[in-house]
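The values are calculated or read from the model by the stated rules, or taken from the named source; none is laboratory data. Just so it is clear, the model here is predicted, and its values are computed rather than measured. Note that we place each Cβ from the backbone using ideal geometry, even for glycine, and neighbour counts take in every protein chain shown. Protein only, heavy atoms only, side chains kept; ligands, DNA and RNA dropped before computing areas. Shrake-Rupley method; radii C 1.70, N 1.55, O 1.52, S 1.80 Å.
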Amino acid sequence: MSSEPKRIALLGATGSIGRQTIDIIRRHPELYRLVVVSAGSRVDDLASIAAEFRPRLAVIGNAELLPRLKSALEPLGIACAAGAEALADSVVADDIDMVVTATVGYSGLEPTINAIRAGKDIALANKETLVVAGDLVNALLADSPSRLYPIDSEHSAIAQCLEGEKPEHVRRLLITASGGPFRTWTREQIASATLADALRHPNWNMGRKITIDSATMLNKAFEIIEAHHLFGIESDRIDAVVHPQSIVHSMIEFTDGAIKAQLGVPDMRLPIAYAMGYNNRLAGVSEPLTLEAMSTLTFERPDTERFPCLTLARTALERRGNTACIINAANEIAVAAFLAEEIGFNDIYDIIVDTLEAMPYIANPAYADYVASNAEARTRAAEMVDKTKK
Ligand code: NAD
Ligand code: MG
């Protein structure tokens, strides 16, 4: 291990993953140094992180908040910038070794692409990047010294289980899902679920958008797409398995019938540290699992009648092209509307499907096509939200 701390650019420092990443950096200054931090709009939180860690640069997505950031940080000699372009530019400087992408949604795509083009290693929490444009990201990675390490707990588990194994021995990936807050609810109950119901995730404390995605199980569909792009396995060999305890983080079935799993307490700091350490283990990063916690591990088949969003993984991976980009864009608009209590829970799926039907298909999208599909799908989904509003 090199003696110099790894220099980190952290995108989305004020969020759930961002704060847990900060926690690791705070406890291990001998391993990590923050050189760039950014956030969307929580300017005061960003300023206090920057005041503590003294990065070279702090970037706020919402440009209206730049004066406030500057007044807090310029006296400390920390440069400040704002806006999506500044965010995308902030990851390419020579003094960055690794970019941790912990922003939510489509906003992660451009910075990740820039970081790969600049040869930076990536610790990727922002799964939407691979969902929207996994083929493009893989093509760029093939031409770059960058390596990409997944933070998502399921994909970290698969990466851990793959250590020492031959790819041709992998038969199937089994991606575990908690089932979310509506696992035991009937169709009728789910149809009238409130925002408060949907935000009550049984096992994980996460940002609001991914919490809703977990309730619809679109998060699991996204994780199947993410796994396909990360591990090069076709969708008919990737299954979701409902495991309400969130102790088994995912499994691999091998050709000889063996199944390997990674278990642990539900604590994202373990997969974050594993990714930041280039698939190495960091002692003491999470509490060990007790025998009591492992005494009941149950598994169920997911129910696509009650959770139709799960079927969108197959739709996306069979149709390919800009399909997943459209699904992601429509979902972001629909989830924002649900969070604003403008539409019902099941409207999220309907808006995604209707947007997909309304949009032109592009078989081999270039970057500009993803940008255009994302923008157009958002416009169409917003029109559907307007029509659906209660
Ligand atoms: P969050 O909402 O808690 O935090 C999001 C962060 O991104 C915040 O710092 C916010 O300021 C910033 N941000 C939001 N919009 C932005 C924009 N347009 N430009 C720049 N910054 C912006 O979200 P989270 O739960 O930390 O999730 C982050 C990502 O990690 C998501 O892609 C999510 O799917 C993934 N993920 C999260 C968890 C988890 O446990 N929270 C687990 C697995 C994967
Ligand atoms: Mg996950």
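Kindly indicate which of L218, L173, L199 is of a type outside the set (D, E, K, R), at pLDDT 95 or above, in contact with a helix residue (DSSP H, G or I) (Cβ under 6 Å, 6 or more places away or on another chain) and surrounded by fewer than 16 Cβ atoms within 10 Å (Cβ to Cβ).
Selected residue: L199, the only one of L218, L173, L199 that is of a type outside the set (D, E, K, R), at pLDDT 95 or above, in contact with a helix residue (DSSP H, G or I) (Cβ under 6 Å, 6 or more places away or on another chain) and surrounded by fewer than 16 Cβ atoms within 10 Å (Cβ to Cβ).
Could you check region 138-179 and list, in sequence order, the residues that are free of Cβ contacts under 8 Å to residues at least 60 places away in the same chain and of a type in the set (A, V, I, L, M)?
Those that are free of Cβ contacts under 8 Å to residues at least 60 places away in the same chain and of a type in the set (A, V, I, L, M): A139, L140, L141, A142.
Please find, within region 144-166, the residue that is nearest to ligand 1 (Cβ to nearest atom) out of those that are small (G, A, S) and closer than 18 Å to I122 by Cβ.
Filtering region 144-166 for residues that are small (G, A, S) and closer than 18 Å to I122 by Cβ, the one nearest to ligand 1 (Cβ to nearest atom) comes out as S153.
Which ones in region 181-217 are within 12 Å of ligand 2 (Cβ to nearest atom), in a helix (DSSP H, G or I) and not hydroxyl-bearing (S, T, Y)?
Matches in region 181-217: I210, D213.
Conditions (1) under 24 Å from R320 (Cα atoms); (2) surrounded by 22 or more Cβ atoms within 10 Å (Cβ to Cβ); (3) not aliphatic (A, V, I, L, M), marked per residue:
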| residue | (1), (2), (3) |
| --- | --- |
| D135 | yes, no, yes |
| A142 | yes, no, no |
| A157 | no, yes, no |
| H169 | no, no, yes |
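Just to be sure, is A47 within 13 Å of ligand 1 (Cβ to nearest atom) and under 26 Å from A329 (Cβ atoms)?
Taking the combined requirement at face value, the residue does not satisfy it.
Of the residues P29, P55, only one is open to solvent by 20 Å² or more (accessible area, probe 1.4 Å), of a type outside the set (K, R) and away from ligand 2 (no atom under 16 Å from the Cβ); which?
Going through P29, P55 in turn, just one is open to solvent by 20 Å² or more (accessible area, probe 1.4 Å), of a type outside the set (K, R) and away from ligand 2 (no atom under 16 Å from the Cβ): P29.
Step by step: first the residues of region 221-242, then only those that are within 16 Å of ligand 1 (Cβ to nearest atom) and open to solvent by 10 Å² or more (accessible area, probe 1.4 Å), then the one that is farthest from V265 (Cα to Cα). Which residue is that?
Within region 221-242, the subset within 16 Å of ligand 1 (Cβ to nearest atom) is 221-227, 229-230, 240.
From the residues that got through so far, the ones that are open to solvent by 10 Å² or more (accessible area, probe 1.4 Å) too are 229-230, 240.
Working: H229: 26, L230: 24, A240: 20 Å.
Ranking the qualifying residues of region 221-242, first place goes to H229.
When only residues in region 1-26 that are in a loop (DSSP other than H, G, I, E, B) and touching a Leu at 6+ places or on another chain (Cβ under 9 Å) count, which is surrounded by the most Cβ atoms within 10 Å (Cβ to Cβ)? Let's see the steps before the verdict.
Of all residues in region 1-26, those in a loop (DSSP other than H, G, I, E, B) come to 1-5, 12-15.
So of that shortlist, the ones also touching a Leu at 6+ places or on another chain (Cβ under 9 Å) come out as 1, 5, 13-14.
Details: M1: 9, P5: 16, A13: 29, T14: 22.
Ranking the candidates gives A13 first.
Could you grab me the full set of residues in region 112-126 that are in contact with a strand residue (DSSP E or B) (Cβ under 8 Å, 6 or more places away or on another chain) and open to solvent by less than 10 Å² (accessible area, probe 1.4 Å)? Break it down into steps so the answer makes sense when it comes.
Filtering region 112-126 for residues in contact with a strand residue (DSSP E or B) (Cβ under 8 Å, 6 or more places away or on another chain) gives 112, 115-116, 120-126.
Of everything in region 112-126, those that are in contact with a strand residue (DSSP E or B) (Cβ under 8 Å, 6 or more places away or on another chain) and open to solvent by less than 10 Å² (accessible area, probe 1.4 Å) turn out to be T112, A115, I116, I122, A123, L124, N126.
Starting from region 180-198, take each residue that is at positive phi and list its partners that are open to solvent by 60 Å² or more (accessible area, probe 1.4 Å), counting only C-beta distances under 8 angstrom and pairs at least six apart or across chains.
Here the result reads G180/P202, each pair linking region 180-198 to a residue that is open to solvent by 60 Å² or more (accessible area, probe 1.4 Å).
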